[in-house]
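Enquirer: This is the structure, below, for whatever I ask next.
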Amino acid sequence: MSSHLDARAPLVVDTHELTRSPGSVRALTRTVPAPADLHVELIGVPEGADVCLDLTLEAVVEGVLVTGTIDAPLEGECARCLDPVHENGHFTITELYNYPGRDAGDDEFFLDGELLDLEPVLRAAVVLDMPFTPLCRPDCAGLCPVCGARLNDEPEHVHAEPADPRWSRLGELGVEEDSGQPGDDPV
Ligand SMILES: [Zn+2]
Ligand SMILES: [Zn+2]
């Protein structure tokens, strides 16, 4: 396999200084722009946002062991009330990059010459650890299932009377709010 990684790419690391001597260690602190599509359904890292890598590269017999932490801003929406959610994501990685030509499994990572590509490892660590149910606050009360009121704003909210008949009628008829379709209005 010939070398095809670009040593100048933000998530490509040159391990030359480790000189394949087991035990040699190098710290890697780097801020990189988030690659695209770093998200799950309701939350993700905005493309281009600052992703802070604080890693240690250690030469081991099999290759280079990469350990450390990744910090990245997360933007999404609350799974209960749909309010915007902003969080600081904190992720850890531990990954072995095998030396080229080693007999390792297909799902293992390999060095490309002296270069290694952090992107797939970053992607796996972040996507797997992203909150599956992001919440605007841990005790978010969500929306009233009857009328859609925001229960965070109205903790005492109850329906003593049947819900506003306009709502139930809309529900029965399946009528949606007039969305002002273009073409309906005479010019
Ligand atoms: Zn919420
Ligand atoms: Zn209600």
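Matching residues to (1) surrounded by 15 or more Cβ atoms within 10 Å (Cβ to Cβ); (2) among the basic types (Lys, Arg); (3) under 25 Å from Pro35 (Cβ atoms):
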| position | (1), (2), (3) |
| --- | --- |
| Asn98 | yes, no, yes |
| Gly113 | yes, no, yes |
| Asp117 | yes, no, yes |
| Met130 | yes, no, yes |
| Arg137 | no, yes, no |
| Cys147 | no, no, no |
| Asn152 | yes, no, no |
| His159 | no, no, no |
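Enquirer: For residues that are without any contact (Cβ under 8 Å) to a residue 40 or more places away in the chain and polar (S, T, N, Q), scanning just segment 9-35, find the one that is nearest to Glu114 (Cα to Cα).
Expert: Ser21
Enquirer: Those residues that are more than 26 Å from Asp54 (Cβ to Cβ) and acidic (Asp, Glu), I need them from segment 79-109; list them, please. It would help to see each step written out before you state the result.
Expert: Initially, segment 79-109 is screened for residues more than 26 Å from Asp54 (Cβ to Cβ), giving 79-84, 100-106.
Scanning segment 79-109 gives Asp83, Asp103, Asp106.
Enquirer: Within segment 74-112, how many residues are of a type in the set (A, V, I, L, M, F, W, C) and more than 14 Å from Pro131 (Cβ to Cβ)? I'd like the intermediate steps shown before the answer.
Expert: First pass over segment 74-112, keeping only residues of a type in the set (A, V, I, L, M, F, W, C): 74, 78-79, 81-82, 85, 91, 93, 96, 104, 109-111.
Now drop any that are not more than 14 Å from Pro131 (Cβ to Cβ), which leaves 81-82, 93, 96, 104, 109-111.
Counting residues in segment 74-112 that are of a type in the set (A, V, I, L, M, F, W, C) and more than 14 Å from Pro131 (Cβ to Cβ) gives 8.
Enquirer: Can you name every residue in segment 78-95 that is buried (at least 18 other Cβ atoms within 10 Å of the Cβ) and part of a strand (DSSP E or B)?
Expert: Of everything in segment 78-95, those that are buried (at least 18 other Cβ atoms within 10 Å of the Cβ) and part of a strand (DSSP E or B) turn out to be Val85, Gly89, Phe91, Ile93, Glu95.
Enquirer: Kindly provide the set of residues from segment 36-76 that are assigned to a strand (DSSP E or B), under 13 Å from the mean Cα position of the chain (by Cα) and free of Cβ contacts under 8 Å to residues at least 60 places away in the same chain, ordered by number.
Expert: Residues of segment 36-76 that are assigned to a strand (DSSP E or B), as a first pass: 38-39, 43-45, 50-59, 63-76.
Checking which are under 13 Å from the mean Cα position of the chain (by Cα) leaves us with 38-39, 43-45, 50-51, 70-76.
Those that are assigned to a strand (DSSP E or B), under 13 Å from the mean Cα position of the chain (by Cα) and free of Cβ contacts under 8 Å to residues at least 60 places away in the same chain: Asp50, Ile70, Asp71, Ala72, Pro73, Glu75, Gly76.
Enquirer: Continuing with the same structure: Take segment 50-77 and flag every residue that is surrounded by fewer than 20 Cβ atoms within 10 Å (Cβ to Cβ) and of a type in the set (Gly, Ala, Ser).
Expert: The one that is surrounded by fewer than 20 Cβ atoms within 10 Å (Cβ to Cβ) and of a type in the set (Gly, Ala, Ser): Gly68.
Enquirer: Test Glu47 against the criterion of being under 19 Å from Val12 (Cα atoms), loosely packed, with under 14 Cβ neighbours inside 10 Å and at pLDDT 95 or above, and give yes or no. Outline the logic, then answer.
Expert: Values: under 19 Å from Val12 (Cα atoms): yes; loosely packed, with under 14 Cβ neighbours inside 10 Å: yes; at pLDDT 95 or above: yes.
Against the criterion (under 19 Å from Val12 (Cα atoms), loosely packed, with under 14 Cβ neighbours inside 10 Å and at pLDDT 95 or above), Glu47 qualifies.
The values are calculated or read from the model by the stated rules, or taken from the named source; none is laboratory data. All figures in this text were calculated on a predicted structure; none of them were measured in a lab. A quick note on method: Cβ atoms are made from the backbone with ideal geometry, for glycine too, and the neighbour counts reach across all protein chains shown.
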